[in-house]
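The values are calculated or read from the model by the stated rules, or taken from the named source; none is laboratory data. Nothing here was measured: the structure is a model prediction, and the numbers come from that model. Ideal geometry is used to build each Cβ from the backbone, glycine not excepted, and the neighbour counts take in all protein chains shown. Heads up: the accessible areas ignore ligands, DNA and RNA and are worked out on the full protein's heavy atoms, side chains in. Shrake-Rupley method; radii C 1.70, N 1.55, O 1.52, S 1.80 Å.
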Amino acid sequence: MSRKPRLLLVACLVLLIGAALPKGSRAEEPGGAAGLRFGFYNATCPAAEDVVFAEMHAILREDPTLAPSLLRMHYHDCFVQGCDGSIMLRSRSGTAERDATPNRSMRGYGAIERIKARLESVCPLTVSCADIIAMAARDAVYLSKGPWYAVETGRRDGNETLAEYAETDLAPPDSNIVDVKTFFSVKSLNSKDIAVLFGCHSIGTSHCEAFEKRLYNFSADTEQDPSLDAVYAAKLKKLCPRGALHAHGGWATKVPMDPGSGFTFGLSYYRHVVAGRGLFQSDGGLLHDPATKVYVDRMAAASSPDEYFEDFAAAMVKMGRTDVLLGCLGEVRATCGIFVD
């Protein structure tokens with residue numbers, strides 16, 4: 001099956017920019033995706049961001065472990081067919097993005113539905129699921145002691161979802177830096193964006209299956225990844241013993257991605273990576289590329305997170321522009337997780 005006909009976006013935007021948008025609109029400004037802008041809902045739903053934040057505050061008070069999941073959801077949504085909310089769509093036949101292997105451990109769908117229901121009671125059929133995911137990710141970071149940043153809004157929701165797209169568009173955790181750069185470059189994200197966005201691994205956990213290859217089957221020549229700190233590797237093996245990895249479906253044990261930090265967004269991730277304690281092979285791979293290594297080393301030595309917080313905000317806004325649906329494309333759904341078959 002072919003990909004969504006994104007080329008229609010060109011014709012649609014010609015109409016929007018030439019006829020519908022007022023002269024001087026932010027949609028015509030360079031550097032942003034046409035149609036996305038800060039404060040998109042100021043006139044149609046001025047309470048939108050306040051509603052999202054209030055719900056996120058309540059959601060994370062009830063379950064703070066959802067913060068990294070909701071941040072991850074935005075990344076997984078944007079990298080598969082663009083930031084269009086398609087990760088929320090459901091399939092009775094098990095062929096939706098959320099059914100794909102990279103998304104089987106995803107949590108937070110209920111949180112997005114909760115926020116959407118609240119917004120529907122205030123501004124029916126106005127705020128898209130794609131925008132809710134983007135705002136929820138920002139609030140998840142902020143409520144984890146990370147930066148606050150303005151989110152461009154105006155995305156519309158896609159109505160196509162295929163698991164095979166998620167299988168091919170998301171970089172596996174055992175990717176080397178060359179592969180990671182390829183995955184990101186397709187989305188117009190550069191080496192600095194990679195180093196910055198990988199910092200989101202400062203919050204959250206992972207299941208053993210995502211990094212077991214580094215411990216027990218790294219290559220034909222060596223069982224364990226030699227770049228992995230030996231003491232850290234020994235601790236991981238205790239948490240994820242070889243014989244128990246696939247018990248109970250392999251999802252029983254959760255390991256912090258940033259040892260000692262857990263659910264506080266900050267710079268400790270970079271210090272762990274420099275010390276050989278990045279959990280995933282792709283984390284360690286940041287040291288194998290000159291551009292990403294320079295950034296990782298600088299953040300690891302930084303005494304303040306200010307530079308990183310500014311860079312993270314810029315990278316998230318940039319990622320949030322990926323292949324968005326605007327204007328006459330897409331839709332605004334009343335419910336995010338509808339069935340498509």
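For residue 65 and residue 223, what is the calculated FRET efficiency with R₀ set at 22 Å and r taken between the beta-carbons, to the nearest 0.05?
In this case the efficiency is close to 0.10.
Please check which bits of the range 252-280 a label hung off residue 303 would reach, taking the label as a point 7 Å along Cα-to-C-beta and the cut-off as backbone N under 18 Å.
From the range 252-280, the list is 267-268, 271.
Give me the number: length gained by fully extending residue 288 to residue 187, i.e. 0.36 nm times residue separation minus the C-alpha to C-alpha distance, one decimal in nm.
Extra length available between residue 288 and residue 187 comes to 34.2 nm.
What FRET efficiency, computed as 1/(1 + (r/R0)^6) with R0 = 41 Å and r the Cβ-Cβ distance, is obtained for residue 340 and residue 179, rounded to the nearest 0.05?
On the way: r = 30 Å, r/R0 = 0.73.
With a Förster radius of 41 Å, E is 0.85.
According to a simple spin-label model (label point 7 Å from Cα along Cα-to-Cβ), what is the distance in nm between residue 125 and residue 47?
2.0
Sequence neighbours fewer than 8 away in the same chain don't count; with that in mind, list the lysines whose C-alpha is under 17 Å from residue 187.
Correct list for residue 187: 4, 318.
Mind telling me which of 273, 296, 255 comes out most flexible in a GNM of the chain, alpha-carbon contacts under 10 Å?
With Cα springs under 10 Å in the chain, the top fluctuation among 273, 296, 255 is at 255.
How large is log10 of I(q)/I(0) for the range 65-172 at q = 0.17, 0.21 Å⁻¹ when the intensity is taken from the Debye formula with one equal scatterer per alpha-carbon?
Once normalised to I(0) and log-transformed, intensities are -0.77, -1.15.
For the chain, modelled as a Gaussian network with Cα springs under 10 Å, which listed residue fluctuates most, 123, 200, 83?
Most flexible of the set in this elastic network: 123.
Check the straight Cα-Cα distances from residue 235 and name the lysines below 27 Å, setting aside those fewer than 8 residues away within the same chain.
213, 254, 293
Could you pull out the longest piece of the chain with no exposed loop chymotrypsin sites (Phe, Trp or Tyr not before Pro) in it, calling a site exposed if DSSP puts it outside H, G, I, E, B and it has at most 13 other Cβ atoms within 10 Å? Can you show the working numbers first?
Working: sites that count: 148, 251.
Counting only loop sites that pass the neighbour cut-off, the longest clear stretch is 1-147.
So, in Å, what gap is there between the alpha-carbon centers of the range 159-185 and the range 264-341?
What the calculation gives is 14 Å, centre to centre.
As a check on your grasp of the helix formula, calculate [θ] at 222 nm for the chain: sum -39500 (n - 2.57) over DSSP H runs of n ≥ 4, divide by the residue count, round to the nearest 500.
Estimated from H runs of four or more residues: -12000 deg cm²/dmol.
Of the listed peptides 223-231, 112-120, 318-326, what is their order by residue-averaged count of other C-beta atoms within 10 Å, with the highest listed first?
By packing density, highest mean first, the sequence is 318-326, 112-120, 223-231.
Where the accessible area of the range 123-271 is counted over protein heavy atoms with a 1.4 Å probe, how much of it, in %, is carbon and sulfur? Walk me through the numbers before you get to the answer.
Working: 3420 of 6210 Å².
Ligands and nucleic acids excluded, carbon and sulfur give 55 percent.
Label the range 137-201 by shape, choosing from rounded, prolate and oblate, from the square roots a ≥ b ≥ c of the eigenvalues of the Cα gyration tensor; if a/c is under 1.5 it is rounded, and otherwise prolate applies when a/b is larger than b/c, oblate when it is not. The partial results should precede the final answer.
Details: a/c = 1.89, a/b = 1.17, b/c = 1.61.
It is oblate, given that a/c is not under 1.5 and a/b is not larger than b/c.
If you count the DSSP beta bridges with both ends in the chain, what percent of them are antiparallel, to the nearest 5?
Of all bridge pairs located within the chain, approximately 90 percent are antiparallel.
Can I get the semi-axes of the range 250-341's equivalent ellipsoid? Compute them from the C-alpha gyration tensor as square roots of 5 times the eigenvalues, in angstrom, largest first.
On the way: eigenvalues 214, 81, 37 Å².
The three semi-axes for the range 250-341 are 33, 20, 14 Å.
Here are a few candidate values for volume of the Cα convex hull per residue in Å³: (i) 144; (ii) 184; (iii) 160. Which one was actually calculated from the structure I just gave you?
(i)
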